[in-house]
Amino acid sequence: MAAESPTRQLNVFERYLTLWVALCIIGGIVLGKVAPGVAEYLDGMAIYVNEAPVVSIPIAIALFFMMYPIMVKIDFAEVLRAGKSPKPVLLTLIVNWGIKPFTMFAIASCFLGYLFRDLLPGTEIVKDGTEVELWRSYISGAILLGIAPCTAMVLMWGYLARGNQGHTLVMVAINSLTMLVLYGVLGGWLLNINEMPVPWEALLLSIAIYVALPLVAGYFSRKWIIRTMGRPWFEAKFLHVLTPVSIIALLATLVLLFSFKGETIIANPLTILWIAIPLFIQTVLIFAITYGVAKLLRFTYEDAAPSAMIGASNHFEVAIATATMLYGLSSGAALATVVGVLIEVPVMLMLVKVCLRTEGWFPRATAEVAAELDTEALPLGAAPAEPTS
């Protein structure tokens, strides 16, 4: 039998991420009122190509520190072990890249482009000077979320659901590598269908800066630190210090973003709700599809739970980075990706509870495998805790 849920689960940053995001929204709006030129000035500190701002330097720095702590946790040697259990890996890949991007586009278009369209009035000028409808920009943010499979918090969701963390780690590595190829292709195609400008140079540069660069930095620094200091020091000390860095960088970015979007939110206070509704439906739908298929294929619970979690969650760090680079810090697309952050934690915790309450729907792993999962499934950097009674 699997061990009981541990007493210590999420740290203070992770447990109250929704609260921190809400406070950043308020703080950003206040900053925008008190010092309206701060975010605009910082966003103007950019790398220019052909006299056009391509990379915002402050945002690039913040987003690198969002991504690096995630990438340095990945052990790519785990990918070689995926062949031991190929069906969960194949299901997750099919859901992440063959289903999820298209259901997100369809649901976002239905709600934001049709049902809520009259509730999202106005236009905006995006980074390349094109004027677009705000509702179309919000759909673009949803698209960028839908094509970004989670590689960070999903380690915690799988752990809390008492799933097979080996499968989760494999998918973190595979998704990181797959994003280098498919993120730009699918993103450019769906954004074009949404009739948004697609600056391909900026899109490819976004992938290079926000995926490839931290991926390479994480890979080589991980090898060097483990070789120099040893794996126990890396996991107990280095990752422990590094864990909050990603979320702190994220929150700093959100303050900047909302300092620039404050007027839009004040003028349309329900905008976040209208964006959140299709994102919530998409999350629950993808979870249900993956969990249901896993049951039909007779997965063990330990494989079914993380498969569904990986499909349902989003890599909002990359989505925010890409939306900011393509359309600007003040864009509706960037705002939509932030709404994804706002609902991520409460929705995923709800789905963890769904998994735990439906364990009996699935066959269980053998006693030997379950014991191995109990002792080895802790997220990197987390310490074992005493079980609850």
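The values are calculated or read from the model by the stated rules, or taken from the named source; none is laboratory data. Note that the coordinates shown come from a computational prediction; the quantities given were computed from them, not determined experimentally. Here Cβ is always computed from backbone atoms with ideal geometry, including for glycine, and neighbour counts include all displayed protein chains. Ligands, DNA and RNA are excluded from the accessible area calculation, which covers all protein heavy atoms including side chains. Shrake-Rupley method; radii C 1.70, N 1.55, O 1.52, S 1.80 Å.
Things worth noting here:
- Fraction of the pair-distance distribution of the stretch 118-203 above 22 Å, Cα-Cα pairs, percent: 43 percent
- Tensor-based shape of the stretch 212-334 (alpha-carbon gyration tensor, a/c under 1.5 rounded, otherwise prolate or oblate): oblate
- Global form of the stretch 199-263, assessed from the alpha-carbon gyration tensor, a/c cut-off 1.5: oblate
- With the simple model of a label 7 Å out from the Cα in the direction of the Cβ, Ala212 to Leu273 spans 4.4 nm.
- Violating pairs (Cα-Cα greater than 18 angstrom) within the set Lys73/Lys237; Lys73/Lys223; Lys87/Lys223: Lys87/Lys223
- Accessible area of His240 (1.4 Å probe, protein heavy atoms only, ligands and nucleic acids ignored): about 110 Å².
- Working ranking of peptides 126-136, 353-363 by packing, defined as the average number of other Cβ atoms within 10 Å per residue, highest first, is 126-136, 353-363.
- Tensor-based shape of the stretch 107-164 (alpha-carbon gyration tensor, a/c under 1.5 rounded, otherwise prolate or oblate): prolate
- Two-site FRET efficiency, Glu131 against Ser221, from Cβ-Cβ distance with R₀ of 35 Å, rounded to 0.05: 0.25
- FRET efficiency, Asp118 to Glu195 (Cβ-Cβ, R0 22 Å, nearest 0.05): 0.75
- When you count the other C-beta atoms within 10 angstrom of each residue and take the mean per peptide, 284-294, 334-344 line up highest first as 334-344, 284-294.
- Label-to-label distance, Ile281 versus Leu356, with points set 7 angstrom from Cα along the beta-carbon direction: 3.0 nm.
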